[in-house]
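Right, one structure below, let's go through it.
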Amino acid sequence: MALAALGLFWLLVLWGAWLRRERPAWRGLARDLLAGGLLFLLTLGFFWRTLSGDVYQPADGGDLVSFLFPTYRFAAEQLRQGVLPLWNPHLYGGAPFISDIQAGFLYPPNLILFVVKPDFAYPTMQWLAIGHLYWAGLGLYVLLRTVRWADGQPVARPAALFGALAFQFSDPLLIHLGNLNLIAVLSWLPWVLAAYHRALVERNLRWAALAALLFAVGNYAGHAQSSLYIGLAIGIYTVVWVGAAIRGRRPATGALWGGLLRPTLQVALVCLAATGLLTAPILLPAVELAGYTERSHFSYQEMVDFSLAPTQALGLVTPGFFGRGPALHWSLWQRVETPFAGVATLLLAIAGVTLAGSATRRLLWPWIALALFGFITALGVYAILHGWMALLMPGFDQLRAPARALILWTLGLAVLSAVGLDQIMRAQTPAPAKALDFVLKAGGLLLTGVFAPLLYVALLLTQQQPEAFLRASVAALAVTLAAGCWLATWALVAARRAGWFGGGLAAALLIAVLYLDLAAAGAYTDISSTDPTRGYQHPEIVSFLRAEGAGYRIDADTGIDDLWQPDAAALHGLEDIGGVANPLALAHWQALLAATGGRHTRLYDMLNAGYLVARDGTPLPEGKFELAFDAPGELAVYRNADALPRAWVVHAARAEADPSAALRLMQDETFDPSRVVVLHADGVAPMEASAAGPSAAAVVAAHANGMTVQVNASAPGYLVLSEVWYPGWRATVNGQPTAVLRANHALRAIPIPAGEATVVLRFAPQPWRWGLAGLGIGLVLLGLFLVVSTSKYSSYP
């Protein structure tokens with residue numbers, strides 16, 4: 001992959017050089033390609049230790065290793081077998097895969113990877129994450145070269161490159177290197193805004209349709225909160241852009257509606273409606289899932305976990321005051337992203353606002369609004385705006401981590417900084433520079449004359465207190481680095497304004513200062529030479545379970561997360577009753593797990609957990625668990641002799657529509673799930689126990705989206721499956737459609753007649769089919785808008 005990436009870069013360079021040489025009219029494109037190539041090289045240089053295989057980043061892998069790697073490998077394996085995975089049978093007793101928007105298996109880059117190399121190794125995940133950071137930076141470069149300012153020109157290419165670096169290595173993206181789906185969705189944000197801006201300015205529905213296509217592609221990467229922030233960015237940008245246009249032109253009422261408001265409304269509606277239709281195959285199933293997860297019961301206090309504390313606003317100049325990585329974090333507040341995008345970025349953003357003329361400053365309003373909205377929303381519990389949004393905006397109350405809104409702050413800041421650098425390069429200072437001078441001097445004085453000396457004094461006073469000394473050292477290092485970058489930026493800006501060197505050299509030096517600042521703060525943060533996939537590397541246990549454990553699940557929730565990855569079952573083709581902590585896990589299954597009362601009960605046996613993975617010598621209920629396999633190392637596999645099979649037949653049923661009451665009924669000591677089933681459906685008549693003879697049921701075929709069960713019942717009864725119930729499961733008994741009932745709080749039951757029967761189950765959720773219909777409509781509309789569009793150039797704003 002490294003060779004392919006380098007090859008792609010040199011192809012771009014050679015193509016750019018050829019265009020510049022052979023076609024003078026295309027020199028601008030050639031220079032943009034070269035700028036993109038330089039950005040690519042700087043990205044490789046930033047992550048050289050990670051990409052070379054020297055270290056892993058993040059150190060413990062984060063969600064990248066614990067959740068996304070096994071999830072993607074499961075999807076890739078299913079696609080290799082020719083199956084579109086709508087259901088994941090490997091984790092949490094089974095779960096709706098298409099409904100979990102985080103799965104991301106329909107995202108085009110992921111699909112290409114899954115088809116080309118379904119057995120990809122973990123380092124590929126790191127390449128994907130870093131590649132999307134580059135895509136985010138390249139998108140911002142394109143955005144900055146798309147937006148025209150008061151003089152009708154975009155910012156210069158060096159200024160656009162500066163903004164691209166600031167955005168792609170900003171803390172809200174870099175800190176989430178282990179959260180690939182978040183990075184992937186957000187990497188499309190500047191691309192969407194670039195197309196959307198052109199649609200607004202040119203009143204062109206073709207560009208609106210393109211913005212919708214880009215937005216939809218990004219959504220398929222699978223992070224609902226990030227998609228929401230892109231939608232909010234479009235809304236805020238539209239409103240403030242219209243306000244700036246009205247302020248600049250002051251049109252008459254008739255011209256205001258026909259010349260500005262109506263075409264703007266058309267562009268916004270086309271963009272958002274087309275995005276919804278194109279995203280429908282994952283959006284509609286995700287909306288259905290939301291009502292069945294633990295997330296639907298979030299309190300506001302849970303929502304505002306990971307808010308940006310006001311004290312953490314020190315991240316404007318340094319992200320490391322309280323420790324950048326998890327190993328050195330020491331503050332009272334939770335470790336979250338900070339508003340850091342580089343010291344030079346902050347100062348040049350101030351320059352962009354203060355040095356720009358009134359016409360250019362008016363065009364900056366949307367970017368200032370985006371930045372301020374992102375910053376205030378990120379404060380979460382510390383600012384009332386977040387609470388209002390949770391109250392008024394549908395779905396917002398299911399999203400945690402308000403600090404993630406800082407992505408809008410760094411986006412706006414990067415644009416403002418590029419404008420500021422462009423102003424300095426051109427030596428255009430139509431507005432007084434007193435505000436900028438004051439900020440440069442005051443900030444430099446505070447950092448170098450107050451904070452740095454105080455922290456060095458703290459170092460001297462805390463040498464006998466290891467913990468305090470470590471904290472003072474971390475803070476002193478961060479402030480010293482910030483002070484150095486502040487002084488360097490100040491000196492370069494002052495030298496350029498004094499005419500000591502040209503704009504091109506000033507831009508190159510400021511880019512160098514920014515790059516060194518960002519790299520010092522983040523390139524080597526949270527790295528480790530220890531392979532984070534070691535929790536998956538248990539070949540002896542996996543081989544044993546594959547050979548001996550067919551038809552039974554495992555239970556690995558025994559406090560062994562440091563040795564065994566919770567989602568290992570998805571990677572190895574096993575089936576587990578649990579998995580890694582996931583707020584999208586089905587609430588009724590989690591409630592059943594909690595209600596079993598322990599591994600000694602029959603309710604636990606009902607989960608089909610035939611094998612338990614635990615440390616050697618783990619205390620277990622006597623007479624029930626036996627050592628099945630003593631693996632090398634600290635882990636062993638124990639067999640649950642009383643585990644119920646995957647399918648069985650009962651001839652007695654009780655009806656209880658209230659799930660909570662059903663749980664209480666099942667927790668009675670006399671309840672035996674192998675003999676009676678509790679059904680959760682209105683209109684289902686109870687069935688009294690009969691003197692029927694023995695009945696049998698066996699799963700004869702199974703795949704991700706369904707199974708076939710052969711039944712021989714001595715009397716009418718119910719086939720009970722130790723499989724998680726969820727809307728969308730359909731069944732036939734001897735070819736006749738039959739209801740799939742919710743049973744025993746979280747399982748499935750199917751009424752069966754006496755005698756032999758073949759029961760076929762398949763997962764075919766209605767929202768998925770509606771989503772496919774919506775996608776078809778969206779593609780047709782997209783084609784129409786791209787081929788036949790209304791375009792009429794507007795001078796707004």
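Some points to look at:
- Full-extension gain in nm, LEU779 to HIS297, via 0.36 nm per residue minus C-alpha separation: 170.0 nm
- FRET efficiency for the pair LEU256 and ALA681, taken as 1/(1 + (r/R0)^6) with r the Cβ-Cβ distance and R0 = 56 Å, rounds to 0.45.
- Each residue was assigned an accessible area with a 1.4 Å probe, and for ILE112 the value is about 110 Å².
- Accessible area in square angstrom per residue, the stretch 578-671, 1.4 angstrom probe: 43
- Solvent exposure of the stretch 40-80 amounts to 33 Å² per residue of accessible area, where only protein heavy atoms count and the probe is 1.4 Å.
- Binning all Cα-Cα separations of the stretch 515-595 at 10 Å, short to long from zero, yields these whole-percent fractions: 15, 37, 24, 15, 8, 2.
- Sorted largest first, the spans of the alpha carbon positions of the stretch 51-152 along the three principal axes are 61, 34, 25 Å.
- Calculated from backbone phi, Karplus (6.51, -1.76, 1.60) coupling profile of the stretch 670-675 in Hz, x at Gly/Pro: 7, 6, 10, x, 7, 10
- Here is the size of the stretch 460-605 from its Cα atoms: Rg then Dmax, 27.4, 83 Å.
- For the stretch 574-711, the C-alpha radius of gyration sits at 1.19 times the compact-globule guess of 2.2 N^0.38 Å, with N the residue count.
- Label-point gap, in nm, between ASP531 and ILE246 - each point 7 angstrom along Cα→Cβ: 6.2
- Under DSSP loop assignment and at most 10 Cβ neighbours within 10 Å, longest GluC sites (Glu not before Pro)-free interval of the chain: 1-621
- Accessible surface of the stretch 291-395 [probe 1.4 Å, protein heavy atoms]: carbon and sulfur percent: 70
- Spread over its residues, the convex hull of the C-alpha atoms of the stretch 70-226 is 128 Å³ per residue.
- Two-site label geometry, LEU392 and TRP330: point separation in nm, points 7 Å out along Cα→Cβ: 4.2
- With contacts taken as Cα pairs under 8 Å at a separation of at least 6 residues, the stretch 235-359 carries a relative contact order of 18 percent.
- Helical contribution to [θ] at 222 nm, DSSP H n ≥ 4, -39,500 (n - 2.57), averaged over the chain, rounded to 500: -16000 deg cm²/dmol
- The calculated FRET efficiency for ARG546 paired with GLN463, based on their beta-carbon distance and R0 = 35 Å, is about 0.05.
- Relative contact order (%) - criterion: Cα under 8 Å, at least six apart; region: the stretch 568-681: 22
- For the stretch 600-675, the equivalent ellipsoid derived from the alpha-carbon gyration tensor has semi-axes of 31, 13, 10 Å in decreasing order.
- Inverse of mean 1/r across different Cα pairs in the chain, Kirkwood, Å: 29.1
- Accessible area in square angstrom per residue, the stretch 303-378, 1.4 angstrom probe: 31
- Portion, in percent, of the accessible area of the stretch 567-718 that falls on carbon or sulfur, probe 1.4 Å: 51
- Placing R0 at 22 angstrom, the Cβ-Cβ distance between PHE501 and GLN153 gives a FRET efficiency of 0.45 after rounding to 0.05.
- Separation of the SER358 and ASP54 label points, Cα + 7 Å toward Cβ, nm: 5.4
The values are calculated or read from the model by the stated rules, or taken from the named source; none is laboratory data. Because the structure is a prediction, the values reported are computed rather than measured. Every residue, glycine among them, receives a Cβ derived from its backbone with ideal geometry; neighbour counts consider all protein chains shown. With ligands, DNA and RNA removed, areas are computed over all heavy atoms of the protein, side chains included. Shrake-Rupley method; radii C 1.70, N 1.55, O 1.52, S 1.80 Å.
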